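Structure record follows, encoded as structure tokens.
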Amino acid sequence: MRLVHIVVGVACVGLTGAAALWGGWCWYRVRQSRVFWWLLRAGQAAVVVEAAIGGVLLIAGKHESSLHLIYGLLPMLVSFIAEQLRIASAQMVLDSRGLEGSAAVGKLPDSEQRVVVIAILQRELGVMVLAAAVMCVLLIRAAGTGG
């Protein structure tokens, strides 16, 4: 079971790291990528699986340092908070432009609608790229504090 924990941990670091790198490149190039979202969601799922395996090991009496537990659980919290910020990012972009909602965006000329949509997508991507990078660093730190 400990070997599975290590293998899934390596997968977590790889997936979140790849999501952060690829997403950062896409953010810089102002382009959207399904691959980023697949990597991110796979990384998030792997983190949940990793925490569950860690919980089983803890219940089985395999005690780790408190730092390992903290660094191992924080990526889930970071992911949750980032998702909340991602959800709010559309409203932040609309508020910054003085628009009340999607109906107001629909009244804009097509070119301006496109600018608003790109701004929303860029904000969402940026939030999640930063989250993936933080998650990756925390997971690396968790690996470094594990026994």
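Scanning the stretch 77-85 turns up one or more residues that are among the hydrophobic types (A, V, I, L, M, F, W, C) and closer than 15 Å to Gly17 by Cα.
Residue-by-condition table, conditions (1) closer than 23 Å to Phe36 by Cα; (2) part of a helix (DSSP H, G or I); (3) hydrophobic (A, V, I, L, M, F, W, C); (4) touching a residue at least 24 places away in the same chain (Cβ under 8 Å):
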{"site": "Arg86", "(1), (2), (3), (4)": "yes, yes, no, yes"}
{"site": "Leu99", "(1), (2), (3), (4)": "no, no, yes, no"}
{"site": "Val117", "(1), (2), (3), (4)": "yes, yes, yes, no"}
{"site": "Gln122", "(1), (2), (3), (4)": "yes, yes, no, yes"}
{"site": "Leu125", "(1), (2), (3), (4)": "yes, yes, yes, yes"}
{"site": "Ala132", "(1), (2), (3), (4)": "yes, yes, yes, yes"}
{"site": "Val137", "(1), (2), (3), (4)": "yes, yes, yes, no"}
{"site": "Ile140", "(1), (2), (3), (4)": "yes, yes, yes, yes"}
{"site": "Ala143", "(1), (2), (3), (4)": "no, yes, yes, yes"}
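Among Trp27, Trp38, which is the only one that is surrounded by fewer than 18 Cβ atoms within 10 Å (Cβ to Cβ) and in a helix (DSSP H, G or I)? After applying the criteria, what remains is Trp38. Taking Ala119 as the residue in question, decide whether it is surrounded by 17 or more Cβ atoms within 10 Å (Cβ to Cβ), modelled with pLDDT under 95 and within 23 Å of the chain's Cα centre (by Cα). So Ala119 passes the test. Restricting attention to the stretch 31-45, the residues that are over 15 Å from Ala131 (Cα atoms) and either among the aliphatic types (A, V, I, L, M) or more than 15 Å from the chain's Cα centre (by Cα) (or both) add up to 3. Could you check how many residues of the stretch 49-90 are crowded, with 16+ Cβ neighbours inside 10 Å, modelled with pLDDT under 95 and among the hydroxyl-bearing types (Ser, Thr, Tyr)? Count: 2.
Scanning the stretch 96-113 finds no residues that are touching an Asp or Glu at 6+ places or on another chain (Cβ under 7 Å) and either closer than 30 Å to Val10 by Cα or of a type in the set (S, T, N, Q) (or both).
On the stretch given as the stretch 101-115, residues that are part of a helix (DSSP H, G or I) and either surrounded by fewer than 16 Cβ atoms within 10 Å (Cβ to Cβ) or at pLDDT 90 or above (or both) total 10.
The values are calculated or read from the model by the stated rules, or taken from the named source; none is laboratory data. These numbers were taken from a predicted model, which means no experiment stands behind them. Cβ coordinates were reconstructed from backbone atoms using ideal geometry, including for glycine residues, and neighbour counts include every protein chain displayed.
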